[in-house]
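The values are calculated or read from the model by the stated rules, or taken from the named source; none is laboratory data. The shown structure was predicted, so the numbers you read here are calculated from the model rather than taken from an experiment. Note that each Cβ is placed from the backbone with ideal geometry, even for glycine, and that neighbours are counted across all protein chains shown. For the accessible areas, the whole protein counts, side chains as well, though only heavy atoms, and no ligand, DNA or RNA atoms are used. Shrake-Rupley method; radii C 1.70, N 1.55, O 1.52, S 1.80 Å.
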Amino acid sequence: MDITAQDAVQSIINGLCMGGTYVLIGLGLTLILGIMNILQFAHGEVYMVGAFIVYLLCVLNGVNLYLAVVISMIATAVLGLILERVFLRPLKGVFLSYVCVTTGLSLILQTAVMLVFSKGVKQLPSLWGGSFSVGGMFISRERVVAIVIALLLTLALYSFLKWTRYGLAMTASAQHREGALMQGINPNLMSALVVAIGSGLAAVGGALGGSIFNLDPYMGGLAFMKGVTLIVIGGLGSIPGAVVGGLFLGVAESLLALFFGSQMGIILPLVLVIIFLLFRPKGLFGHD
Amino acid sequence: MKKRSLAILLALMLVLGLGSVWMVACGEDEETTTTAAPTTTAGPTTTGGGPQTTAAPTTATTAAGETKELVIGGIAFLTGPGAAGGMAAKTGWELAAAKINDAGGLKIGNDTYMVKLLVEDDAMSVDQASTAAQKLIQQDGATFIMGPLVDAFKNVIYPICAQNGVMLADVDTKNASAAIKYEGNTDVSPDRPLHARFHWANDEMMPYLFDYLQENYPDAKKIAVCGVTEACTVALYDWLGTTLPARGLERVGALEQMAPDTADYVPPVTRLLSAKPDAILVAVSTPQTWGQVTKAARDLGFNGPVMCSTHMGVEFALMIAEGAKDVFGAGIAMADLAGLPPAMQEAHEAYVAKGYPAQDEIADVYLVGYNGLWVLLQAIEKAQSVDPQEVYDFYQTLTNPGDLQTLWGDGAYVGGLQSTGVNAVLCEPYWINGVGADGVQKNLKQVFIDVP
Amino acid sequence: MTERAQRITKTSAFVVILLLVLALPWILRGTVKAAPYWTHVFVLIGVFTLMTSSMRAIFRTGEVSLGTAGFMLVGGYAAAILSIRLGLSPWLTMLLGGLLSAAIGGLLAYPFFRVKGVYFSITTLLLGFVFLYLAGWMDWLTGGWQGLQFFNITPELTIGSLNVAFTTKTNIEYYYLVVVVVGICLFVLYRMERSRVGLVWKSISEADHLAQSVGVNVMGHKIFVFTVACFFTGLAGGLYAFHVHALSPTSTPANVFHFFTSVYCLMYMVVGGVNSFYGPLVGTTLFMLLREWGRSVSEYWPLVMGSILILIVFFMPKGLVGLPGYSRIWYEKLRGFLRRRALSSE
Amino acid sequence: MALLEVRGLTKIFGGLTAVGDLSFDVNEGEIVGIIGPNGAGKSTVFNMVCGTLKPTAGTIKFRGKNITGLAPHKIAKKGIARVFQGNVLFPASTVLDNVVMGAHLHTQLDLFGFLFGGRRARRKEEAVRARAMEILELVGLADDADTLASDLPHGNQRHLCLAVALAVEPKLLLLDEPVTGMNAEEVSEMLDLIRMLREKTGLTLIVIEHNMKAVMGLCDRIVVISYGVKIAEGLPQEIANNPAVIEAYLGVEDDAA
């Protein structure tokens, strides 16, 4: 089989697009992990719910796709707030309880969505149909849109964290929880904020994933796994880490799948990540 | 608790445990005679080999004109991803059972049998498939089992059915028939008595797809093959290596296998296209594969035909690959119902009456399920018996065209004498559906799948 | 109650339960229509109890392992493949499967335990997926996604002239096999937990730095418990394999080797009561029976499961094992409430 | 020969020198204080002595043997115990179990002993418990043997920490801020206890402390470090009058107060 350089470049672009959706889910996971020290098992389901809200609005009720994505983002952020207030906040820091409650939530959300929307595979309308060709390479338009949206949101989050008071407080909490407490930062407010923001981002990720690929109530599980993988690469609680980790994962999967077949594209990144963990347990951008 | 007492208890447990095993082993012979059989409501007698548990005696000769129940079990995946297919098959079975029951049930001898359909979840897990089969047979008294939809699970269920003298009816498409040899092939064969196939297999369908390809796309010579990662996909690929040249076509490139959990189909399709094919064949497909491959191929600038040999409505592929053209495969396009046989239109009316949308991506699956149970019930009625062995034996004699009716048209019969050595494969009409250059979804061609 | 009376009650309860467990197939034969089917369900319960208890042993050192399903897969596949390809006796291969699982677990334990808490859970979770995908990928060895079938291979036992085949015809022989094997494993785990080793585990989970500073080889103990747990999990996999006689890594969340099985084990453990040795037993038995009874609504099952889990975490942190204690508290509360109402109405 | 010899101890965290070229000796039976402003690297020194952190450079010798970079549990086996800063205990265990765990090194763990725990093992276990009770009596917690460690009042928890470390039966005991957060009465009680321990058992102690007054009264010798570097060493009176020390402390006195 001859894989040309063009194929490889094309693959990298597609990988970056995949990476973009991974980043959107990973950012929320990593922020929640950094600030609340919770592995949010239901985050993949939040991603899925976000996509289904878009489906509900856009396909079933004819709302404009981009407007639907914005509404879904807000709705999912509210869902995140509710989850944080009702389920996560009362469990003061017991690790096992967090694992149980979030996995429980993920089962509930999956089944609830399945019962509401029935089980079939669904599809969101394309962000921008068709593909264009540049120098003999075919690049799908919707993937370009997806990368742009993912990057814009990441930039927006980055500037929020860098330039606003709440953002700075959040960064401080992620890096040093006790220290942040001493600085008078309200940890409950931080938790609520971070879950809301993370959920909103995941919803957009879900919408992008749902329009490029397809929607089903179980899509969150795979997305969650990708998110977890990328935070291991990037390092706990690190935003640049999540971005680099996500893009790296997307490109690695794409290239490995191109050269060694789609099975290796799934297994090898996981094996690499486990090996990686042995040598750099804190991740690329992690801190002690 | 004292440590010593625990040690003693453990020893006791060991002794008792081994003792019980011994008791079982010794008591085996008398047990079979004394244990009450799981009394099925239908009361079939088993002629199947050995001292089996099913041995209840109420035969049809007792009283004239009794109304009885015939329990038929179905196993499908009703939970988890892909549950849509299982649910659709269940719906189809329910519709077929309702049709027979509404018409007054099955008349066998002087008795009337009402069909009682029970569908259990295999949850896509071997132990759950096994559990479901045991429950259906032992607790609910099912004497015919339909499904499951995944080939691998048929192997788990078949021994349980055979042990209990229950007939296993494959009502779904087989990925590969017995003509394709590979490890784990679960197709009907002389080694598997009480196992019958009520639908075609992918390799039996493929010649008709190639016929259609050669008629409509005469320039398409080079065919690239892909499919989901399974042993049968590899076997089919090897088989195509000899089959295609015989028809003047060429198999190009390596087999591209799509692993489950593949999110992005662009890399494998890039590999597929690197062999510069004229057409793509999706040899074994999950509900998504056909559509995802089509979409990725079109995004990568491939304009040739994309075909799929697993039964599937083209709606399904087009839902993912919006606006694609030159896509065809085995299946029924619900958008183009008017030209189809009356039996199918009637079935679809019942389906819509149950509240399902008229243009449903998974309509094909329910039709297959419906058809399978309908054929099984026809065989039971023709055999004039509810005993699985008798039905199975009689089914194999229905070799004249028109002996059985199907949803896709008349003229079906039991064939496959050469390929399997037993007459347990259904030969039936079927359809190729798809989208041509005009972009309209329609049923393109009726074919008759004839298994030699 | 005096200590002696307490002990007598405990011992007699234990004996009663033990007798019930041993007599179960015969009770089922006398009471239900489909005894082999229910015996089969109890065989599965036994296998999952062993997995859940192993998971809990790891949890005693404070870490939540989510790779249980993966190690079960290793044990099951190793046992099946060795028996199919080399024709070894299932008894030997079950043991070898457990040992292979333990060897892999033991080798990976050192790097894995360098990270703690969430990170450890993530790593084991990913490892489970690696095993699953590998089983699907190495089709020359594992039969790929199609899986393996080996209906002709049944464990057999010959004592003198007596020959017992552990078939799936009535499932009774296999049930006793599982009772004996799982019983021995649970006994070992129980003894470990109640001995000094268990105390050391507890100290590690409470304050690992302090434990280290008083001379506890924290890493050594963690590796030890992980290896032992992996052995038992692998053994459970072998028991599962020769009962179902087919293995398939179908990558859907419902599959037994999928990550969700680990999550379900976690649930059984928490619902039963994580602080009690009997928690996993109670949790697994009740939940799997409940699931079997609720077959007709199996599509709602994850919803029920998730809800029960959350309710238990919030209202019964000790799990079902703590139910007697809770019922007393709830009773007292109710009585107090009623008395207050009676007083206010006077 | 000194009991503990530290030579050229250095620790660099990502380019930042936390401890630089630190050398000091501790003789048998001494109480040595290590003082210094916040962030001076005192706890880092302890962590390196105990093996929690590996030094970047330098050697630590204990009773003439090199123990640099050994794992913490091996160092504990050599006879160095430690009381952590803050009340680090086994919170969900009883007071007695805490001390029994402290005596971990003096119990036997054999591979099959736990399976069929024989009479011998049981007798040994009882001996350990009796010894633990003795230690509890020594620190005055014998009456609370069955309470949960987390239920003890703050001051008593500190005593329990000491008891756990004592159960290791160390030659050298490292105390990380033993009187921080205590009122005057508790402080003097604690100091009396430490002195009493030394007299009874002949322990050697190293104490990190912020409370200058307590250190001055307790220690035989004091090492002062600032920004990871030793700036003075000597008898308490000498240190109290050393201008470099006063400067180092005054520089941070503002935010300490």
Inter-part distance where segment A:186-225 and segment A:42-73 are each reduced to a Cα centre, Å: 11
Value of Rg to Rh for segment D:16-81 (Rh from inverse mean 1/r over Cα pairs, i.e. Kirkwood): 0.94
Area buried, chain D against chain C - accessible surface, total, 1.4 angstrom probe, square angstrom: 2400
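I'd like the carbon and sulfur percentage of the solvent accessible area for segment C:23-301, probe radius 1.4 Å, heavy atoms only, ligands and nucleic acids excluded. Write out the running numbers ahead of the final one.
Working: 5180 of 7670 Å².
Answer for segment C:23-301 is 67 percent, counting heavy atoms of protein chains only.
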Value at 222 nm in deg cm²/dmol, rounded to 500, when DSSP H runs of n ≥ 4 in chain D each add -39,500 (n - 2.57): -12500 deg cm²/dmol
Solvent-accessible ranking of B:Glu256, D:Glu137, B:Glu381, largest area first, probe 1.4 Å: D:Glu137, B:Glu381, B:Glu256
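What net charge is computed for the residues neighbouring C:Tyr133, neighbours being all others with C-beta under 15 Å from the C-beta of C:Tyr133, Lys and Arg scored +1, Asp and Glu -1? Write out the running numbers ahead of the final one.
Values: positive: A:Lys226; negative: A:Glu253, B:Glu230, B:Asp261, C:Asp139.
Every neighbour counted, the sum reads -3.
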Coarse-grained scattering of segment B:253-345 at q = 0.18, 0.22 Å⁻¹, given as base-10 log I(q)/I(0) from a Debye sum over alpha-carbon atoms: -0.76, -1.08
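Per residue of C:137-144, what is the mean number of Cβ atoms on other protein chains within 10 angstrom of that residue's Cβ? Show your work: numbers first, answer last.
Working: counts 8, 2, 7, 0, 0, 0, 5, 12.
Taking the mean over all residues of the peptide, I get 4.
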Tail weight of P(r) past 40 Å, computed on alpha-carbon pairs of chain B, percent: 24
Rounded to the nearest 10 Å², the accessible area of A:Ser173 at probe 1.4 Å: 10
Tilt relative to chain D, helix D:119-139 - C-alpha long axis, 0 to 90 degrees, to 10: 40
Per residue Cα convex hull volume in Å³ - calculated over segment C:59-150: 94
Alpha carbon centroid spacing (whole Å) that separates segment A:124-144 from segment B:106-152: 48
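Could you look at chain B and say what percent of its accessible area is carbon and sulfur, using a 1.4 Å probe and all protein chains? Show your work: numbers first, answer last.
Details: 8110 of 14700 Å².
Ligands and nucleic acids excluded, carbon and sulfur give 55 percent.
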Evaluated at q = 0.14, 0.19, 0.25, 0.29 Å⁻¹: base-10 log I(q)/I(0), Debye formula over Cα of segment B:62-123: -0.47, -0.70, -0.94, -1.11
Chain C: DSSP helices with Cα axial extent of at least 27 Å and average Kyte-Doolittle hydropathy no lower than 1.0: C:35-59, C:90-113, C:117-137, C:172-194, C:218-244
Principal axis box of chain C, alpha-carbon based, largest edge first, Å: 81, 58, 44
Candidate residues B:Trp408, C:Trp26, C:Trp140: accessible-area rank, largest first, probe 1.4 Å: C:Trp140, C:Trp26, B:Trp408
Net charge dipole size for segment C:23-301 [Lys, Arg +1 and Asp, Glu -1 on Cβ; Debye, nearest 20]: 360
10 Å Cβ neighbours from other chains, averaged over peptide C:213-226: 6
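Shielding of B:308-321 by partners, i.e. mean partner chain Cβ atoms within 10 Å per residue?
On the way: counts 0, 0, 0, 0, 0, 0, 0, 0, 2, 0, 1, 5, 5, 1.
For peptide B:308-321, the averaged partner shielding equals 1.
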Most mobile of A:Val78, A:Val46, A:Val204 in a GNM of chain A (Cα contacts under 10 Å): A:Val78
Assigned charges on the beta-carbon of Lys, Arg, Asp, Glu; segment C:147-276 dipole about Cα centre (debye): 180
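Please report, largest first and rounded to whole Å, the three semi-axes of the ellipsoid equivalent to segment A:5-279, where each semi-axis is the square root of five times an eigenvalue of the C-alpha gyration tensor. If you can, show how the numbers build up before the last one.
Values: eigenvalues 169, 100, 65 Å².
Those come to 29, 22, 18 Å.
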Most mobile listed residue (C:Ile329, C:Ile312, C:Ile104) in chain C, GNM with C-alpha springs under 10 Å: C:Ile329
Net charge of Cβ neighbours under 13 Å - reference A:Phe260; Lys, Arg +1; Asp, Glu -1: -1
Positive-end residue, the protein assembly as shown charge dipole about Cα centroid, Cβ charges, pick of B:Asn202, A:Met114, C:Ile310: C:Ile310
Normalised contact order of chain C, rounded percent, pairs of Cα under 8 Å and 6 or more residues apart: 27
For A:Arg89, solvent-accessible area (1.4 Å; no DNA, RNA or ligand), Å²: 50
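If each DSSP helix of 4+ residues adds -39,500 (n - 2.57) and the sum is divided by the residues in chain C, what number results at 222 nm, nearest 500 deg cm²/dmol?
Value at 222 nm, helices only: -25000 deg cm²/dmol.
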For segment A:125-263, convex hull of alpha carbons as volume per residue, Å³: 136
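Quote the relative contact order of chain A in percent (integer), defining contacts as alpha-carbon pairs under 8 Å separated by 6+ residues.
Values: 480 pairs, mean separation 107.0, N = 288.
Relative contact order, chain A: 37 percent.
Grab the other residues whose beta carbon is less than 15 angstrom from that of C:Ser262, score K and R as +1, D and E as -1, and report the net. All intermediate terms of the calculation are to be shown ahead of the outcome.
Values: positive: C:Arg56; negative: C:Glu63.
Summing Lys/Arg as +1 and Asp/Glu as -1 gives 0.
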Cα-based radius of gyration of segment C:31-79 once divided by 2.2 N^0.38 Å, which approximates compact folds: 1.49
Positive-pole candidate from D:Leu53, D:Val223, D:Ile31, dipole of chain D, charges at beta carbon: D:Leu53
Per principal axis, descending, Cα span of segment C:63-103 in whole Å: 38, 13, 12
Cα-based helix-to-principal-axis angle, D:154-167 vs chain D, degrees rounded to 10: 70
Listed residues B:His348, D:His106 arranged by accessible area, highest first, probe 1.4 Å: D:His106, B:His348
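Given the -39500 (n - 2.57) contribution per DSSP H run of 4+ residues, what per-residue ellipticity at 222 nm results for chain A, rounded to the nearest 500 deg cm²/dmol?
Values: 11 runs with 208 residues, N = 288.
So the calculated ellipticity at 222 nm is -24500 deg cm²/dmol.
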Folded to 0 to 90 degrees: helix A:165-175 orientation relative to chain A principal axis, Cα: 90
Tail beyond 19 Å, pair distance distribution of segment B:225-282 (Cα, percent): 27
Kirkwood Rh (inverse of mean 1/r, distinct Cα pairs), the protein assembly as shown, angstrom: 34.4
10 Å binning of all Cα-Cα separations within segment C:232-346, expressed as whole percents from 0 upward: 12, 32, 29, 14, 7, 3, 1
Positive-end residue of B:Val225, D:Ile67, B:Ala324, charge dipole of the protein assembly as shown with Cβ unit charges: D:Ile67
Where labels lie 7 Å past Cα in the beta-carbon direction, separation of C:Lys10 and A:Thr4 in nm: 7.7
Three-way shape call for segment D:1-132 based on the alpha-carbon gyration tensor, with the a/c threshold at 1.5: prolate
For chain D, built as a Gaussian network whose Cα springs stay under 10 Å, the top-fluctuating residue of D:Gly33, D:Gly202, D:Gly14: D:Gly14
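Explain nothing, just the number: dipole magnitude of the protein assembly as shown about its Cα centre with +1 on each Lys and Arg Cβ and -1 on each Asp and Glu Cβ, in debye rounded to the nearest 20. Can you show the working numbers first?
On the way: 91 positive and 103 negative charges, 797 e Å.
The calculation lands at about 3820 debye.
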Shape category assigned to segment D:68-227 from the gyration tensor of Cα positions, a/c cut at 1.5: prolate
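Taking only C-alpha pairs under 8 Å that are 6+ residues apart, what is the relative contact order of segment B:88-198 in percent?
This gives 17 percent for segment B:88-198.
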1.4 Å probe, heavy atoms, protein only - residues of segment C:298-316 losing at least 20 Å² accessible area vs chain alone: C:Ser298, C:Glu299, C:Tyr300, C:Pro302, C:Leu303, C:Gly306, C:Leu309, C:Ile310, C:Val313, C:Phe314
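Among the listed pairs A:Lys92/D:Lys213; B:Lys221/B:Lys295; A:Lys122/A:Lys226; A:Lys162/A:Lys282; C:Lys202/D:Lys74, give every one whose C-alpha distance is greater than 27 Å. Can you show the working numbers first?
On the way: A:Lys92/D:Lys213 39 Å; B:Lys221/B:Lys295 22 Å; A:Lys122/A:Lys226 21 Å; A:Lys162/A:Lys282 23 Å; C:Lys202/D:Lys74 20 Å.
Going by Cα-Cα distance, A:Lys92/D:Lys213 fall outside the 27 Å limit.
To the nearest hundred square angstrom, how large is the accessible surface buried between B and C, total for both chains, probe 1.4 angstrom? Present the calculation step by step, with values, prior to reporting the outcome.
On the way: alone 18870 and 18390 Å², together 31870 Å².
It comes to approximately 5400 Å² buried between B and C.
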